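Colleague: Dropping a structure here in structure tokens format, bear with me for questions.
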Amino acid sequence: MIGKDLYDELKDYSKPIILIGSGILLVLFLLSFFVHWRFVSKLLSLVTGTSLLFLVYIAALILFLDKEVDVEEPISYYRHVSEQMPKTRTFKLTIVWGVVLILLGISAIFFSNRYRKQYAFDCSTILVDQSAGIYHLEWIDDCEVAAESDCLEEMKGYEIKGKGYRFCDWCKEYAEYVEVAYYSDRFYRK
């Protein structure tokens with residue numbers, strides 16, 4: 001739809017984007033399996049999920065993997081025209097392959113966004129009340145439940161996985177309130 005020349009030019013630009021982006025993503029994903037640093041979490045947030053850099057990377061990957069598949073089919077209505085006309089017609093099946101690639105790209109964005117959020121939780125510092133079986137996020141200073149507790153312990157998110165702790169109801173409501181206020185403020189500023 002955009003023209004063969006522009007398409008080929010964009011396809012040429014996609015190769016360096018894929019090489020650089022794949023290297024960065026590979027290093028970050030490997031680091032995320034072995035360490036739980038906020039620095040790596042911030043970099044993952046910058047280059048995965050719904051970030052503009054990751055969207056450009058996925059678009060470049062789709063362009064790079066989009067190969068033309070030509071199928072030759074005999075054409076009978078060319079017989080009555082001059083012999084110089086081609087006897088076959090070429091179909092491009094790139095539309096089907098392009099749709100498959102776009103669906104794979106959308107799923108890559110979705111799953112990388114989920115992984116990014118989970119890794120951010122794993123790297124965050126959490127205040128755990130082991131006797132009550134609940135946890136509080138470190139940045140919520142006003143929690144009434146945490147203020148009443150005497151035995152709060154700081155842990156990382158990955159340390160409390162699978163231990164049956166649940167998120168404090170007060171902190172959960174406050175975090176939802178902050179998120180709604182943040183997004184509505186951004187909406188009204190636009």
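Colleague: Return only the number of the condition from (1) part of a strand (DSSP E or B); (2) at pLDDT 55 or above that Phe91 does not satisfy.
Modeller: With (1) part of a strand (DSSP E or B); (2) at pLDDT 55 or above applied to Phe91, the lone miss is (2).
Colleague: Given the range 95-178, what strands (runs of 3 or more DSSP E) lie entirely inside it while holding 1 or more residues that are among the aromatic types (Phe, Trp, Tyr)?
Modeller: Per the criteria, 134-137.
Colleague: So Arg114 passes all but one of these: (1) touching a Lys or Arg at 6+ places or on another chain (Cβ under 7 Å); (2) modelled with pLDDT of 85 or more. Which condition number does it fail?
Modeller: Every listed condition holds for Arg114 apart from (1).
Colleague: Is there a residue being at pLDDT below 90 and either surrounded by fewer than 14 Cβ atoms within 10 Å (Cβ to Cβ) or in contact with a Leu (Cβ under 6 Å, 6 or more places away or on another chain) (or both) anywhere in the range 41-60?
Modeller: yes
Colleague: Pick out the one residue from Glu138, Glu173, Glu144 that is among the acidic types (Asp, Glu) and at pLDDT 75 or above.
Modeller: Glu173
Colleague: Scan the range 28-53 residue by residue and report those that are under 19 Å from Ile109 (Cα atoms) and not in a helix (DSSP H, G or I).
Modeller: Thr48, Gly49, Thr50, Ser51
The values are calculated or read from the model by the stated rules, or taken from the named source; none is laboratory data. Being a predicted model, the structure only gives us computed values, none of them experimental. All Cβ positions, even for glycine, are placed from backbone atoms using ideal geometry, and neighbour counts span all protein chains on display.
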